[in-house]
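For reference, the structure is listed below as structure tokens.
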Amino acid sequence: MLITGGHPLMGEITVSGGKNTAVAVIPAVLLCDEPCTIENLPDIDDVHALIEILQRLGAETEYVPGRYLTVDPRGANGYRVPFSLTKRLRASYYLLGALLGRGGRAEVAYPGGCDIGSRPIDQHLKGFSALGAQIEDRGGMVYANAERLLGGDVFFDMVTVGGTINVMLAAARAEGTTVIYNAAKEPHIVDLANFLNSMGARVKGAGTDVIRIRGMQHLHSCTYTVIPDQIETGTLMIAAAATRGDVTIHGCIPTHMEALTAKLLEMGVRVTENDDSIRVRPQGEQRAVNVKTQVYPGFPTDLQQPMTALLCMAHGTSTVCETIFEQRFKHLDELRRMGAHIKLVDRTVLIEGVRELYGAPVTVTDLRAGAALVVAGLMAKGVTEIYETSYIDRGYERIEEKLRSLGAEIRREKI
Ligand code: EPZ
């Protein structure tokens, strides 16, 4: 990807459907006894990978990118998902909860996904065991079996988005009621609950610390529209601020963006909200701020890296503390190549704002590091060459097309 920086982003853009909600809702169709249709899915590689997994399990799928995905799960008799498929994305582990809920049996290889820390799944397995499943974890595979899944209490040792979603999936078809304590509250948790309830499930409390799921014997077909992507919205807001442009983002949910909006306002960036749009209009100097990632509704860890890029040219010294993942800092070396003055102390990035970043050849190491390098490329003087851009395609739909429509000078070439 080649970016010539210095062009303010100007105009209007519509955000795509949410990646992290899509990767939870698509496997959830396996819990249904009839076909379901999902709309507003982002046309990204994680979605493509999950569709292939469902096909390999025997489900019938009809996918019209940008329009809808219909999944008929009735032929899905498979329960084994090999590493060749699971390695393509982190969310392949949701097949554990979905297959357990569907038929009480799952053999799923460990997931892939961004290398941002150890990312164990012990809490997921603890949750399945609480529902009566026998779990075996050997040779890079998780073997889960349950004669009968019985609702139970699950108390997570830490807030885990994946663990919360996986237990919701298995519990939706268990006998009796499951209560999840210390549950994650991200927007995509609520979206999954709404989808399950659209199929006739009984999920209450999503978005709070305690979620109650009464298992149902039968779930019926539905058509569901997933929420917009909170992290793509945030990335576009940051890119608008970084290029001192004037961008209106349509089709978003401003309440999902409050932690980022508050930080941009603190920097002196003008942010105005309407029902389903946000306008970002930087004015004058951008002040340095302190950021600390937290579980929702705190500052999202997925925006930590793009925000770090933005703060490289803020006036003063900023700090960014990453409390969720222990190794989400691979973008720092690449930003230094572009002239950023950055130091990492434990899990806190110290950023001394500079007057200019300079285009340079940089390499993407994970999805949101890629977003950070795109933001930096848009800010920098000269041309930035970004390599390994396939990571970016996992989570952003047609990113260069969207940025070009806002005036960015960005293109991709095959090496
Ligand atoms: C999901 O990852 C997202 N991925 C991540 O987005 C996001 O950063 C993360 O939630 C936090 O919001 C998807 O939804 C596919 P966690 P997940 O379980 O489920 C530890 C992106 O860029 N933990 O909430 O893996 C874990 O190591 C991606 O879109 C355990 O120790 O996140 C981490 O330190 C990156 N044991 C912390 O909890 C467990 O069993 C939070 O992880 C589970 C998690």
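The values are calculated or read from the model by the stated rules, or taken from the named source; none is laboratory data. Note that the structure is predicted; figures quoted are calculated from it, not measured. FYI the Cβ positions are ideal-geometry reconstructions off the backbone, even for glycines, and counts take in every protein chain you see.
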Enumeration of residues in the range 91-111 that are within 11 Å of the ligand (Cβ to nearest atom) and outside any helix (DSSP H, G or I): Pro111
Picked from the range 112-127 (must be surrounded by 18 or more Cβ atoms within 10 Å (Cβ to Cβ) and part of a helix (DSSP H, G or I)), the residue nearest to the ligand (Cβ to nearest atom) is Gln123
Give the residue that is surrounded by the most Cβ atoms within 10 Å (Cβ to Cβ), with candidates limited to residues of the range 348-363 that are assigned to a strand (DSSP E or B) and out of contact with any Leu (no Cβ under 6 Å at 6 or more places or on another chain). Val349
Can you tell me which residue within the range 361-386, out of those that are hydroxyl-bearing (Ser, Thr, Tyr) and touching a residue at least 40 places away in the same chain (Cβ under 8 Å), is farthest from the ligand (Cβ to nearest atom)? Thr384
Within the range 375-386, residues being assigned to a helix (DSSP H, G or I) and either touching a helix residue (DSSP H, G or I) at 6+ places or on another chain (Cβ under 7 Å) or closer than 13 Å to Leu332 by Cα (or both) number 4
Thr178 fails exactly one of (1) among the hydroxyl-bearing types (Ser, Thr, Tyr); (2) more than 14 Å from the ligand (Cβ to nearest atom); (3) in a helix (DSSP H, G or I), namely (3)
Under 6 Å between Cβ atoms, at least 6 apart or on separate chains: pull out the pairs that start in the range 152-179 with a residue that is over 18 Å from Leu99 (Cβ atoms) and free of Cβ contacts under 8 Å to residues at least 12 places away in the same chain and end on any residue that is among the hydrophobic types (A, V, I, L, M, F, W, C) and within 8 Å of the ligand (Cβ to nearest atom). none
Give me the residue from the range 364-385 that is crowded, with 24+ Cβ neighbours inside 10 Å and either of a type in the set (Val, Ile, Thr) or modelled with pLDDT under 95 (or both) and, out of that set, farthest from the chain's Cα centre (by Cα). Thr384
Working only within the range 283-325, note down all residues that are under 17 Å from Val269 (Cβ atoms), more than 16 Å from the ligand (Cβ to nearest atom) and either out of contact with any strand residue (DSSP E or B) (no Cβ under 8 Å at 6 or more places or on another chain) or assigned to a strand (DSSP E or B) (or both). Gly284, Arg287, Asn290, Leu310, Met313, His315, Ser318
Could you count how many residues in the range 228-263 are more than 16 Å from the ligand (Cβ to nearest atom) and of a type in the set (S, T, N, Q)? 4
